[in-house]
1. Is it the case that the stretch 326-343 has a residue that's within 21 Å of Leu172 (Cβ to Cβ) and either at pLDDT 75 or above or among the polar types (S, T, N, Q) (or both)?
2. So, in the stretch 246-297, how many residues would count as being assigned to a loop (DSSP other than H, G, I, E, B) and farther than 18 Å from Ser404 by Cα?
3. For the stretch 234-245, give me each residue that is in a helix (DSSP H, G or I) and either surrounded by fewer than 19 Cβ atoms within 10 Å (Cβ to Cβ) or of a type in the set (Val, Ile, Thr) (or both).
4. Enumerate the pairs (first residue in the stretch 125-147 and on the phi > 0 side of the Ramachandran plot and among the aliphatic types (A, V, I, L, M); second residue anywhere and assigned to a helix (DSSP H, G or I) and surrounded by fewer than 17 Cβ atoms within 10 Å (Cβ to Cβ)) with beta-carbon separation below 8 Å, excluding pairs fewer than 6 apart on the same chain, so at least 6 apart or on different chains.
5. Identify, please: which residue in the stretch 274-288 is more than 21 Å from Ser66 (Cβ to Cβ) and at pLDDT below 80 and is, among those, farthest from the chain's Cα centre (by Cα)?
6. Can you tell me which residues in the stretch 205-233 are of a type in the set (S, T, N, Q) and modelled with pLDDT of 85 or more?
7. Could you check, for the stretch 160-178, whether at least one of its residues is out of contact with any strand residue (DSSP E or B) (no Cβ under 7 Å at 6 or more places or on another chain), assigned to a helix (DSSP H, G or I) and hydroxyl-bearing (Ser, Thr, Tyr)?
8. Could you count how many residues in the stretch 82-111 are of a type in the set (Asp, Glu) and surrounded by fewer than 24 Cβ atoms within 10 Å (Cβ to Cβ)?
Amino acid sequence: MSDNRASSPGSERIRRGGLTLRNLKTFSSFKNPVYRIYYGGMLGHMVAMNMQMLARSLLVYRLTNSATILAAMSFAGSIPMLILSLFGGVIADRVNKRKVLILGQAGAALVGLGMAISLSMGYLSEDNPGSIWILIASSLLQGVIMGLMMPSRQSIINEIVTADELMNAIALNNMGMNALQIIAPAITGFLVDAAGFEASFYAMTAMEAMGMIFFIFMPATGTVPMGKSGAIDNIRKGFSYLRKEPPVLMILLFSLVVVVLGMPYSQLLPIFTEDILDVGASGMGLLLSVTGIGAIICSVVLASLPNRKRGIMLIGSGILLGVSLIVFSFSNSMPLSLAIIIFVGIGQTGRMTLSNTLIQYYVDPAYLGRVMSIYMMQFGLNSFGTFLAGVLSDIIGVQWAVGSFAIALLVFSLLSPLLFKRIVKME
């Protein structure tokens, strides 16, 4: 595929235009056959990830009954992600991304299978407290896989679609993830209640394997010539490039703060469902599914919009996320929590789609893999926030711990137009 990304700055690629029913192109990226294959592989992986979000966190909390340990488990997975994501960025720029995705899916399937077997054999259970090492090991291995694979999975979209379709493709990508978030957690919750945790981990393994098969049928993608310099030197060049691009750096910083302050609730959700709302695994699955409803609404809207005012919308998503998380944190009512968590999903998806799109528009393709690896580090750094929130939950309660993070997020987002003036001007 040929386009002019390498020779034209991001601002020259933006196409202006009014929004009318006639020029809506909500699903235009699906006309691309390679994107459809990629989409199928992505769906397999995201089904497994959404199932794992509920099953593993709930299993940890039921085995330990500790918010600190629950947060520490997330923290364990962040360590290899932080260390290896920069190398994953170099891999994304130097190695065929399709091969990286195939190997990553295979590795994730093996980790899920190991968890399923340990549960089926009865080794990982409340009767064997020492078996928690399996959960720690699986979290570390998942961190390794995510750190090495995610930069390729994100930056490959830039090679599949044209510049004008980039936000549409990313929004549809997020729409698929969010549609699965409506279905997968609810099914997982009922599956755990009906057949136990092992059934959900066997299902995760099957989904990862399905994703791998889709990626096998994708055509090979391109690489960027980097000469004979080593990985460390390539990482250094990536940071050097970023220092010369203040707008991209501002997007990364804004997104990092929003993720660190706004995401801990998702890892600590079992405490809300078990101790505050008293709704069990099925209720937790329902909450995650309703979050997906808000997220898919946001994805469809963003996929339909023209390439305008995206910087302002990015900051607005942070404000919405802060307000909705404050209400959710202090809610003791399941109906209110279900209603407000829709807006949590909208805020999360808006931040994720818009920050991802703006980065891929403004970054030189020669550095995209490395910049996306720095972008993906936010998910590892998020675990530092989650760990702190988990410790605070054992001290002051989960509602005040998550609520205080949400208040800080709202204040930061309201101040962002003054702190990040260049973001406001981004189209």
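The values are calculated or read from the model by the stated rules, or taken from the named source; none is laboratory data. These numbers come from a predicted model, not from an experiment. Virtual Cβ from ideal backbone geometry, glycine too; neighbours counted across all protein chains shown.
1. Checked the stretch 326-343: at least one residue is within 21 Å of Leu172 (Cβ to Cβ) and either at pLDDT 75 or above or among the polar types (S, T, N, Q) (or both).
2. The qualifying residues number 3.
3. Scanning the stretch 234-245 gives Ile235, Arg236, Lys237, Phe239, Ser240, Tyr241, Leu242, Arg243.
4. Final answer for the pair search is none.
5. Filtering first and then ranking leaves Ser282.
6. If the condition is that a residue be of a type in the set (S, T, N, Q) and modelled with pLDDT of 85 or more, then Thr205 is the only one that fits.
7. no
8. Going through the stretch 82-111 one residue at a time, the tally reaches 0.
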